[in-house]
Amino acid sequence: MNNLYITFYQQDIIWGDIAANRHCVEEALASAPQSDIFVVPETFTTGFGDHMAALAEEQEGPTLMWARQMAALYDIMFIGTWIVREGDNCYNRLHWVYPNGDFGYYDKAHTFRVSGEYDIISRGTQRKVLEYKGWKIKPAVCYDLRFPKWLRNDNLSYDLLLVCANWPGSRHEAWTTLLKARAIENESYVLGCNRCGKDGVGGNYTGNSALIDYKGFSLAEAEDEADQLITVTLDKEKLNTFRQHWPLYLDFD
């Protein structure tokens, strides 16, 4: 049964500097082991704040062009979010970019009302699942993690829930608890790729990026507040064996 090799980058995002952030990710990719998928945090080119809409790109803009180059160069699927403008609307858009240059995307459905994201970023309306190398992967972005009905794994539609985030250190207990809860209730691996460091308005991010298995155990955790790369192997055979023994999904309401 096929394994999946996934690398995630707990990035200290440079506030508002798209070129500098892409350069940081280039250096991380160059030092990472060969993987199937490489994941970066939410709004990895800009950081998360009121400035996002002003830095929005067209869909076929420079960051997508760059991501295609990285995916081809390292023969990986590249996953991360950046802000995309379509007409009068801006979206916090999670992209997955294949090595051949094809791509798909998911628009963050739950924009964060408390921070003001709700007022400047339009909400997505579609649940999506992507498939890669025999794995079904459900993308989500930060605040989406708090909404279990939105992420419900009906009919085992996904094997991995992948969450790109800018989740502040002041709420790290909620972050770690929710990652485990979503894994246990959905019988799925869950990856939470968060940023670390300080943003341009004084916010502090401790990171706490982690890969959780379907039992709620942590397979890998990033160090607090550290700019760090982590690579983990996900085992499909063990996942399927657990689901066969504990078919909890059959009793979802």
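The values are calculated or read from the model by the stated rules, or taken from the named source; none is laboratory data. These figures come from a predicted structure and were not determined experimentally. Glycine also receives a Cβ, built like all others from the backbone with ideal geometry; neighbour counts cover every protein chain displayed. Keep in mind that these areas ignore ligands, DNA and RNA; they rest on the heavy atoms of the full protein, side chains included. Shrake-Rupley method; radii C 1.70, N 1.55, O 1.52, S 1.80 Å.
A few notes on this one:
- Residue within the range 36-57 that is under 21 Å from Phe103 (Cβ atoms), part of a helix (DSSP H, G or I) and either modelled with pLDDT of 95 or more or not β-branched (Val, Ile, Thr) (or both) present: yes
- Residue among Thr81, Thr63, Thr125, Thr43 that is over 30 Å from Glu225 (Cβ atoms) and either of a type in the set (Val, Ile, Thr) or crowded, with 22+ Cβ neighbours inside 10 Å (or both): Thr125
- Top-ranked residue of the range 186-206 - restricted to ones that are at positive phi and small (Gly, Ala, Ser), ranked as most open to solvent (accessible area, probe 1.4 Å): Gly202
Yes/no matrix, rows are residues, columns are (1) touching a Cys at 6+ places or on another chain (Cβ under 9 Å); (2) in contact (Cβ under 8 Å) with a residue 24 or more places away in the chain; (3) not β-branched (Val, Ile, Thr):
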{"site": "Ala28", "(1), (2), (3)": "no, yes, yes"}
{"site": "Ile37", "(1), (2), (3)": "no, yes, no"}
{"site": "Thr43", "(1), (2), (3)": "yes, yes, no"}
{"site": "His51", "(1), (2), (3)": "no, yes, yes"}
{"site": "Ala56", "(1), (2), (3)": "yes, yes, yes"}
{"site": "Ala71", "(1), (2), (3)": "no, yes, yes"}
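- Looking at Arg123, Arg68, Arg85, Arg127, just one residue is touching an Asp or Glu at 6+ places or on another chain (Cβ under 7 Å), modelled with pLDDT of 95 or more and of a type outside the set (Phe, Trp, Tyr), and that residue is Arg85.
- Test: Asn166 is farther than 25 Å from Leu248 by Cα and in contact with a Ser or Thr (Cβ under 7 Å, 6 or more places away or on another chain): yes
- A single entry from Leu162, Leu191, Leu211 fulfils the requirement of being farther than 24 Å from Ile121 by Cβ, part of a strand (DSSP E or B) and in contact (Cβ under 8 Å) with a residue 24 or more places away in the chain: Leu211.
- Scanning the range 84-109 for residues that are open to solvent by 20 Å² or more (accessible area, probe 1.4 Å) and over 14 Å from the mean Cα position of the chain (by Cα) returns Arg85, Glu86, Gly87, Asp88, Asn89, Tyr91, Tyr98, Pro99, Asn100, Asp102, Phe103.
- Residue list for the range 129-161, filter: within 14 Å of Ala181 (Cα to Cα) and crowded, with 19+ Cβ neighbours inside 10 Å: Asp144, Leu145, Leu151, Asn153, Leu160, Leu161
- Unique match (being within 23 Å of Lys149 (Cα to Cα) and open to solvent by 10 Å² or more (accessible area, probe 1.4 Å)) among Glu237, Glu225, Glu173: Glu173
- Among (1) without any contact (Cβ under 8 Å) to a residue 24 or more places away in the chain; (2) open to solvent by 60 Å² or more (accessible area, probe 1.4 Å); (3) closer than 22 Å to Asp144 by Cβ - the single one Ala220 does not satisfy: (2)
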